[in-house]
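Since the structure comes first, as structure tokens, the remarks are kept for the end.
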Amino acid sequence: MCSGVGHLPPAGGISAVRLATLLGDWRQGGSRSGAADLAAAVELQVLDGQLPLGTRLPAERQLASALGVSRTLVGAALQRLREGGFVASRRGAGSWITAPSGREAAAAPPQRLDLIDLARASPAAGAGIMAAVDAARGRLTDELLDDGYNMCGLTVLRERIAQRYTARGLPTNPAQVMITNGAHHAFVLALRLLTGPGDRVLVEQPTYPNSIEAVRSVHARPVPVALDPHRGWDVAGIEAAIRQAAPRLAYLVADFQNPTGLRMDLSTRQHLGTVLARWRTPVVVDETLVELDLEADPLDGPPPLAAFAGEAAITVGSASKAYWGGLRLGWLRAAEDMIDRFAAARFTSDLGSPVLDQLVLAELLGDEGALLRRRREQTRAARDTLLDALGSHCPDWTVRLPEGGLSLWCRLPEPMSTRLSVAAVNHGVRLAPASRFAVHGGLERWLRLPFAQQPRSLVEAVRRLSLAVAAVRGGRGGEGVAELAVT
């Protein structure tokens, strides 16, 4: 395969238990505001994409039981949502999520024009993208002589990715690399190839929310293993989970883990790699953020986890964070026979990645790191600006200084992550509640704050957040200037 280098009610819905878990700690005030709080929490999940338009909602009685509230309160919340255009109902068909104000299904509810989006940890395009596009156009002529379909990707791009792995301590040849439409696409391919309905997939907790949903999309079951926000990975706990749950696959983020920002040290990689190899547990190692080392050159960091986990390791990477998400390119690195299996299975989902985008990325990877150095400098400045702003406006938040990545994992002074995410929208800030980063919800004392925005936007976002905190806490706290607790 690739050994050579060359406005109707919906059909589906969400269960009452799943919706209750998704909403998390949704109450903001007392019992008098219960309906308003519940409606606001549902709106947040719609805005956040967790309740897609058309999703059928559970019956009132079932939802009331799952939430531990009265059916009257649920009915009042649904009425608010109907009035706001977020829910439609029809006798005999139930209720479902719909578009506000009669907008098309793809449209989002009205938002503040100056909304600062801190739900996404994705920066704008780095300097040098246009120069790479211009250079790629010159190389496109040769590709026009081919049909443009290449299941594993262009040779020049696979060669440069292989060279990067080899330089980091994981000897790789181009036949071990497949180009994909992003790292997430690569993970989904691995799920489809290696798991089936009912299989267990081991994941860190907290972890990247879309990975949890990807596991569920193939009808597999995510098995969470706690990740300590200070000490990191508990290898003994991971081995116990492997022994007890017998997962068909594991998904780990070893470098600047999303959302905690933790990086696995060399000894932990060696130990964990030995465990994974011993139990023959295939593992997808997500290296989307590995190039965003804000304290040193990525080549000076520890070798990839795959260097210790053997041929069962599948390493995925992406251009989205280091360069630009608009390229929609990623890759996976695995044993050659595994790459052949991926190529054979890929026909069911797509027929390869865009040629021009691949030429652009090949140019970016060939600039000897100049663009990445600028990206890291800008990201480091944004990180430090966000830390300073939190110290000024939210002094009772505790934050560990991450050595890389794109976000801070903040410990809040009280369990209020979901409530704060709801309130923040009214102050012009969009957040992802921490419950999204857990398999079964919770994590209400935590909040991820990305620093992918411009510094001035980050300062303004934190100022607005302090007002939202004050609203959530009924006017308690959120004021004053003090030293930020950095651990």
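The values are calculated or read from the model by the stated rules, or taken from the named source; none is laboratory data. Nothing here was measured: the structure is a model prediction, and the numbers come from that model. Cβ atoms come from the backbone with ideal geometry, glycine included; neighbour counts cover every protein chain shown.
Restricting attention to the range 172-193, does a residue exist that is in a strand (DSSP E or B) and basic (Lys, Arg)? Among the residues of the range 172-193, not one is in a strand (DSSP E or B) and basic (Lys, Arg), which makes the answer no. Here residue 289 clears all of (1) under 15 Å from residue 179 (Cβ atoms); (2) out of contact with any helix residue (DSSP H, G or I) (no Cβ under 9 Å at 6 or more places or on another chain); (3) buried (at least 24 other Cβ atoms within 10 Å of the Cβ) except the condition numbered (1).
The residue of the range 22-74 that is surrounded by the most Cβ atoms within 10 Å (Cβ to Cβ), among those that are modelled with pLDDT of 80 or more and polar (S, T, N, Q), is 45. Among the candidates 262, 252, the residue that is within 24 Å of residue 339 (Cα to Cα) and either assigned by TED's automatic domain parsing to the domain that holds residue 383 or surrounded by 22 or more Cβ atoms within 10 Å (Cβ to Cβ) (or both) is uniquely 252.
Do we find that residue 172 is modelled with pLDDT of 95 or more, touching a strand residue (DSSP E or B) at 6+ places or on another chain (Cβ under 9 Å), among the hydroxyl-bearing types (Ser, Thr, Tyr) and over 24 Å from residue 219 (Cβ atoms) in this structure? If you could, list the steps in order and put the result at the bottom.
Numbers: modelled with pLDDT of 95 or more: yes; touching a strand residue (DSSP E or B) at 6+ places or on another chain (Cβ under 9 Å): yes; among the hydroxyl-bearing types (Ser, Thr, Tyr): yes; over 24 Å from residue 219 (Cβ atoms): yes.
Answer is yes for this residue.
Of everything in the range 99-127 that is of a type outside the set (A, V, I, L, M), at pLDDT 85 or above and in a loop (DSSP other than H, G, I, E, B), the residue that is farthest from residue 15 (Cα to Cα) is 123. Out of everything in the range 213-249 that is in contact with a Lys or Arg (Cβ under 8 Å, 6 or more places away or on another chain) and either part of a helix (DSSP H, G or I) or assigned by TED's automatic domain parsing to the domain that holds residue 438 (or both), what residue ends up being surrounded by the most Cβ atoms within 10 Å (Cβ to Cβ)? Checking each candidate, the answer is 215.
Looking only at residues of the range 151-180 that are closer than 17 Å to residue 351 by Cα and surrounded by fewer than 21 Cβ atoms within 10 Å (Cβ to Cβ), we find that the one that is nearest to the chain's Cα centre (by Cα) is 151. Within the range 350-387, if we keep just the residues that are assigned by TED's automatic domain parsing to the domain that holds residue 447 and in contact with a strand residue (DSSP E or B) (Cβ under 8 Å, 6 or more places away or on another chain), the residue that is nearest to residue 167 (Cα to Cα) turns out to be 376. For the range 302-360, filtered to residues that are under 22 Å from the mean Cα position of the chain (by Cα) and assigned to a helix (DSSP H, G or I), the residue that is surrounded by the most Cβ atoms within 10 Å (Cβ to Cβ) is 306.
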